[in-house]
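Note sheet for the following structure.
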Amino acid sequence: MSVHSWTSWRTEGSRLKSTAIACANQGLIKYWGKTDEALRVPSNGSISVCLAALTTRTTVEFSEAIAHDSLVLNQRPSNDPRVFKHLDRIRALAGSKMRARVVSENGFPPGVGFASSASGFAALTVSGVAAAGLAMPLPELSRLARLGSGSASRSIPGGFAELLAGDDLHSVAVRLAGPDDLDFRTLAVGVGESPKKVGSSEGMRITTATSPFFATRLEYLVGALDRMRAALRARNGTEVARLAEVDTLNMHATMLTSDPPLVYWSGATLDVIRAVLALREAGTQAYFSIDAGENVFVNCRQQDVTAVRERLGGLASVSSVIESAPGGPARLVEDHLF
Ligand code: DP6
């Protein structure tokens with residue numbers, strides 16, 4: 001059942017259990033900074049593409065018989081307070097006090113370094129809302145996902161989506177293009193498995209407070225968002241990829257000039273950047289894009305995937321390459337994880 005058609009859907013009976021799948025997404029015009037930390041209101045609009053090959057599947061069960069919230073993440077017990085806080089938000093909306101059991105699995109091999117709060121909070125939001133028997137229109141669903149993790153809101157509509165800047169109520173994600181509308185492929189290039197030293201929330205706090213380039217970035221973003229929307233309207237995948245590379249360097253300039261400096265790249269990241277630049281010099285239209293970590297997305301047209309994959313696979317510092325088409329919206333599924 002798609003989230004587009006579930007407004008009349010209700011869970012029957014006292015066992016309130018639901019499973020949802022959501023894709024991770026790659027920032028194309030990236031979100032880095034908040035105007036309200038508690039409500040996760042972003043400083044700027046951001047645009048992303050969902051990644052069909054990087055998904056999270058989450059089951060939520062609310063029950064009177066459960067004494068405490070519990071979470072099993074990739075088959076290991078976890079005590080992530082952000083997840084339990086998100087369950088509190090869903091309970092508040094449902095007027096319920098029932099505790100929940102949550103089981104969540106990433107649909108890609110562990111340790112590839114692309115674990116994502118976006119797919120996780122999008123799947124948790126959709127499964128939790130459904131398990132609580134709530135009916136919720138898409139914008140509200142994406143707002144709720146945003147409260148868990150800003151980028152998660154963009155995984156709700158799927159495809160190419162924009163998280164609008166604005167106040168808490170208006171900062172919701174809208175779809176700009178469907179997953180099949182553009183010739184666009186992403187290679188998720190893994191170079192490291194270690195968790196990033198400074199998480200996104202903390203990193204954003206440091207950058208907004210200290211980078212002398214942050215205000216300049218906000219000015220540049222007005223035009224950058226317009227250019228990205230225009231490239232999506234024109235269905236020009238190569239221009240989308242090029243603009244994402246431009247924005248990567250712009251965002252990382254604010255990270256590098258933060259105090260303390262946020263250097264998310266490793267030597268291996270630079271190896272991939274240089275390989276992409278060499279591919280372009282040789283005539284292949286491939287572009288890099290890097291979120292807050294050392295791993296790299298490389299975006300290109302479908303016909304160039306083999307050439308790009310061969311070039312990157314030959315680098316000693318690359319540990320994994322996952323090819324992904326653009327992905328669809330977060331959705332409910334019938335099969336449960338437990
Ligand atoms: C660099 O959504 O992880 O990937 O809202 O604090 O949970 P929180 O941040 P998060 O930030 C992602 C930032 C980014 C860029 C992007 O995805 O647009």
- P(r) over all Cα-Cα pairs of segment 232-338, 10 Å bins from 0 to the longest distance, whole percent per bin, short to long, reads 12, 40, 29, 15, 4, 0
- Ranked packing of 271-277, 291-297, most packed first, by mean Cβ within 10 Å: 291-297, 271-277
- Determine the dipole magnitude for segment 69-168: charges of +1 sit on the beta-carbon of Lys and Arg, -1 on that of Asp and Glu, nothing else is charged, the reference point is the Cα centre, and the result goes in debye to the nearest 20. 300 debye
- Item | the chain, Rg to Rh (Cα coordinates; Rh as Kirkwood inverse mean 1/r) | 0.97
- Query: Toward the positive end of the charge dipole of segment 172-320, about the Cα centre and with charges on Cβ (Lys, Arg +1; Asp, Glu -1), which of Ala316, Gly283, Trp265 goes farthest?
  - Reply: Gly283
- Message: Taking the solvent-accessible surface of protein heavy atoms with a 1.4 Å probe, what is the per residue accessible area of segment 10-131 in Å²?
- Response: 39 Å²
- Item | Choice from Ala209, Ala231, Ala132 showing the highest fluctuation, given a GNM over the chain with Cα pairs closer than 10 Å | Ala209
- Working out 0.36 nm times the residue gap between Asp36 and Gln303, then minus their Cα-Cα distance, what length gain in nm do you get to one decimal? 91.9 nm
- Query: List the cysteines of the chain that have no other Cys Cβ closer than 4.7 Å: which are they?
  - Reply: Cys300
- Message: For a quick check of understanding: with a 1.4 angstrom probe and all protein chains in place, what accessible area in square angstrom does Lys85 have, to the nearest ten?
- Response: 120 Å²
- Normalized C-alpha radius of gyration of segment 109-213, against 2.2 N^0.38 Å? 1.22
- Message: Among 153-162, 196-205, how do they line up by average Cβ neighbours within 10 Å per residue, starting with the highest?
- Response: 153-162, 196-205
- Query: Give me the log10 of I(q) over I(0) for segment 155-205 at q = 0.13, 0.17, 0.29 Å⁻¹, as the Debye formula computes it from C-alpha points; what are the numbers?
  - Reply: -0.57, -0.87, -1.01
- Note on the structure: With +1 at each Lys and Arg Cβ and -1 at each Asp and Glu Cβ, the charge dipole magnitude of segment 170-283 around its Cα centre, to the nearest 20 debye, comes out at 140 debye
- Excluding ligands, DNA and RNA, the carbon-plus-sulfur percentage of the accessible area of the chain with a 1.4 Å probe reads 53 percent
- What value, in deg cm²/dmol to 500, does the helix sum -39500 (n - 2.57) over DSSP H runs of n ≥ 4 give at 222 nm once divided by the residues of the chain? -11000 deg cm²/dmol
- Have a look at the DSSP beta bridges in the chain and tell me what percent are antiparallel, nearest 5. 95 percent
- Task: Hydropathy first: keep DSSP H helices in the chain averaging at least -0.5 on Kyte-Doolittle, then drop any whose Cα extent along the axis falls short of 18 Å, and list what survives.
- Result: 81-94, 117-131, 214-233, 237-256, 267-281
- Could you go through segment 323-333 in sequence order and give the Karplus-derived ³J(HN,Hα) for each residue, using 6.51 cos²θ - 1.76 cosθ + 1.60 with θ = phi - 60°, rounded to whole Hz, and x for Gly and Pro? 8, 9, 8, x, x, x, x, 5, 8, 7, 10
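The values are calculated or read from the model by the stated rules, or taken from the named source; none is laboratory data. Remember, predicted model here, so these are calculated numbers, not experimental data. Glycine also receives a Cβ, built like all others from the backbone with ideal geometry; neighbour counts cover every protein chain displayed. These accessible areas exclude ligands, DNA and RNA; they are computed on the full protein's heavy atoms, side chains included. Shrake-Rupley method; radii C 1.70, N 1.55, O 1.52, S 1.80 Å.
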